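Enquirer: I'd like to ask some things about the structure below.
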Amino acid sequence: MNVHLLNDLIWRMAEELGVRHGYTLIDNDEGMLTLRKQEGVRVTYLFLLPLYYGDTPEAQQELIRSQLQESVDWMKTFGRRKSALVHRKIHLYIRTSPGLQTPLEELAKLSVSSVTEQYRAEAWVADPGLHRLFASDTRVTGSEALERILAELIPAEYELGALNAAIERRHYAIVRAHEERLRRPREEIAGRRKGSPVTFALTGINVAVWLLMTAYGGSDNPETLVRFGAKYNPYIDRGEYWRWITPIFLHIGGLHLWFNSTALLSLGGRLERGIGSLRFALFYLLAGIAGNIASYTFSPSISAGASGAIFGLMGVLLVLSIMDPDLWGESGGMAIWGGLGMNVVLGFIVPGIDNYAHFGGLAAGAAAGWVYVTLQRAKTAAR
């Protein structure tokens, strides 16, 4: 492919990603464009560059692997930020001529990653002649649009001045789109930077309610628990259905409060930053209510605590790590599995733990996570 047409194709791809899919152009270096997009806690870098043809297929693959390794090394060193993680780097090579090469399907399988897959760099190949994008199974926002661009015919003739002018317009469109995104409502951006306001608010409410219960008879006193709204089946039977909500904010003793607060702060921060404060609050309450309904259905005992809601957060994170590992990470899923297994074992060993509330919250959280990922995929597909 002529170098000018190649440059035009690269800028058409960049414009599509920058204007319609939220990428930011962060570097333009000798024919290679670098774009960046943050989605939740994940940051993806996408490099658009020509495909190098080595003296042999092996030399070509070795060069690409070394470039991928450099990307992984960079992510390990500089990828962590307070609210985000550089999780993927995609090297999108644009094929310029047949040359001496490895089959494109094989090149698209090249990748380098850390042991836990927390950091990963991949090689993709775009072939304008075949009108195809050869890529891994990793889902990257805008990849379908790139395939549509490649399906367009390459002009046989062109005028260099017109091509250069078009590139300038595309560059300006990308910058303008980025500036417009920066002018979004300030509260949306501020909410993301603040991190986890709902998580901290819930923890504060739990502590405040526990202090009140301690002052008014003791948080482990059955009469105090019922007075403050614990799950008590006889009162629910007579219509006090609000007792499916209030137990989420009550705790029986300081140790119970400590364990649940630690779990909430540990799980809630990442999940709230990833899905947003409003969804997080909704999932938390739904899981807590589901846990209390399960406890009401299967256990006559007085019950209180945020454990059902916290198990719901575990359920959400488990589903997200399974259905969208590129965003949530397999290692995160393994940690949740370990924590869940330990809590289930303790639930059967330690007396007085309401396992029905735990499993009810877990099921509700898993269902909420599935609905969330399904809706996000549908939204992405509709773009």
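Enquirer: Explain nothing, just the number: dipole magnitude of the chain about its Cα centre with +1 on each Lys and Arg Cβ and -1 on each Asp and Glu Cβ, in debye rounded to the nearest 20.
Expert: The dipole of the chain has a size of about 1360 debye.
Enquirer: Provide, for q = 0.27 Å⁻¹, the log10 of I(q)/I(0) from a solvent-free Debye sum over equal Cα point scatterers in region 1-74.
Expert: For the requested q values the scattering log ratios are -1.22.
Enquirer: Can you give the % of DSSP beta bridges in the chain that are antiparallel, to the nearest 5?
Expert: DSSP beta bridges in the chain are roughly 55 percent antiparallel.
Enquirer: List nothing, just return the count: lysine pairs in the chain, 8 or more apart or interchain, with Cα separation under 30 Å.
Expert: 16
Enquirer: Relative to the Cα centre, what is the charge dipole magnitude of region 196-382, using +1 at the beta carbon of each Lys and Arg, -1 at the beta carbon of each Asp and Glu, and rounding to the nearest 20 debye?
Expert: I would put it at about 300 debye.
Enquirer: Here's another thing I want to ask about it. Using only Cα atoms, find the angle between the long axis of helix 307-323 and the longest principal axis of the chain, and express it within 0 to 90 degrees, rounded to the nearest 10.
Expert: 20 degrees
Enquirer: Further question: Out of the total accessible area of region 196-382 (probe 1.4 Å, heavy atoms of protein only), what percent is carbon and sulfur?
Expert: Carbon-and-sulfur percentage of accessible area, whole number: 72.
Enquirer: Among 313, 93, 33, whose Cα lies farthest out toward the positive end of the dipole of the chain, if unit charges sit on the beta carbon of Lys, Arg (+1) and Asp, Glu (-1)?
Expert: My answer, from the dipole projection, is 313.
Enquirer: Might you tell me the accessible area per residue for region 85-157, computed with a 1.4 Å probe and given in Å²?
Expert: 45 Å²
Enquirer: Relative to the present Cα-Cα distance, how much length would full extension add between residue 156 and residue 139 at 0.36 nm per residue of separation?
Expert: Once the chain is fully extended between residue 156 and residue 139, it gains 2.8 nm.
Enquirer: Can you pull the one-decimal nm distance between simple spin-label points at residue 301 and residue 377, each 7 Å off the Cα toward Cβ?
Expert: Those two pseudo-labels are separated by 3.9 nm.
Enquirer: Another question, then. Starting from 0.36 nm per residue, how many nanometres of slack lie between residue 97 and residue 322 once their C-alpha separation is accounted for?
Expert: Extra length available between residue 97 and residue 322 comes to 77.1 nm.
Enquirer: Go ahead and set up a Gaussian network model of the chain, Cα springs under 10 Å, then flag whichever of 269, 288, 253 fluctuates most.
Expert: Maximum among the listed residues: 253.
Enquirer: Moving on to the next point. Applying a 10 Å radius around every beta-carbon, put 16-22, 65-71, 316-322 in order of their mean neighbour count, most first.
Expert: 316-322, 16-22, 65-71
Enquirer: Take the alpha carbon gyration tensor of region 3-154, find the square roots of its eigenvalues, order them as a ≥ b ≥ c, and report rounded if a/c is under 1.5; if not, report prolate when a/b exceeds b/c, else oblate.
Expert: Oblate, since a/c reaches 1.5 and b/c is not below a/b.
Enquirer: Hey, what does the equivalent ellipsoid look like for region 140-282, semi-axes from the Cα gyration tensor as sqrt of 5 times each eigenvalue, largest first, whole Å?
Expert: 57, 17, 12
Enquirer: Mean residue ellipticity at 222 nm from the helices of the chain, using -39,500 (n - 2.57) per DSSP H segment of n ≥ 4 over the full residue count, to the nearest 500 deg cm²/dmol?
Expert: Computed mean residue ellipticity for the chain: -19000 deg cm²/dmol.
Enquirer: Please state the shape class of region 252-297: rounded when a/c is under 1.5, otherwise prolate if a/b exceeds b/c and oblate if not, all from the C-alpha gyration tensor.
Expert: oblate
Enquirer: At R0 = 22 Å, how high is the FRET efficiency between residue 207 and residue 266 if r is their beta carbon distance? Nearest 0.05 is fine.
Expert: That gives a FRET efficiency of 0.85.
Enquirer: As an exercise, use a Förster radius of 51 Å and the Cβ-Cβ distance of residue 236 and residue 114 to find the FRET efficiency, rounded to the nearest 0.05.
Expert: 0.55
Enquirer: What label, among (1) 20.5; (2) 22.1; (3) 18.6, belongs to mean projected area of the Cα convex hull in nm² computed from the structure on display?
Expert: So the calculated entry is the one marked (2).
Enquirer: Sorted by accessible area with a 1.4 angstrom probe, largest first, how do 261, 301 fall?
Expert: Putting 261, 301 in descending order of accessible area: 301, 261.
Enquirer: Can you tell which of 278, 365, 291 lies farthest toward the positive end of the dipole of region 196-382, using +1 and -1 charges on the Cβ of basic and acidic side chains (Lys, Arg; Asp, Glu)?
Expert: Looking along the dipole axis, the top candidate is 278.
Enquirer: Anyone know which of 132, 148, 183 comes out most mobile in the 10 Å Cα GNM of the chain?
Expert: Looking only at 132, 148, 183, the largest GNM fluctuation is found for 183.
The values are calculated or read from the model by the stated rules, or taken from the named source; none is laboratory data. The structure presented is a predicted model; accordingly, all values stated were derived computationally and were not measured. We place every Cβ from the backbone using ideal geometry, glycine too, and count neighbours over all the protein chains shown. Accessible surface areas use protein heavy atoms only, side chains included; no ligands, DNA or RNA. Shrake-Rupley method; radii C 1.70, N 1.55, O 1.52, S 1.80 Å.
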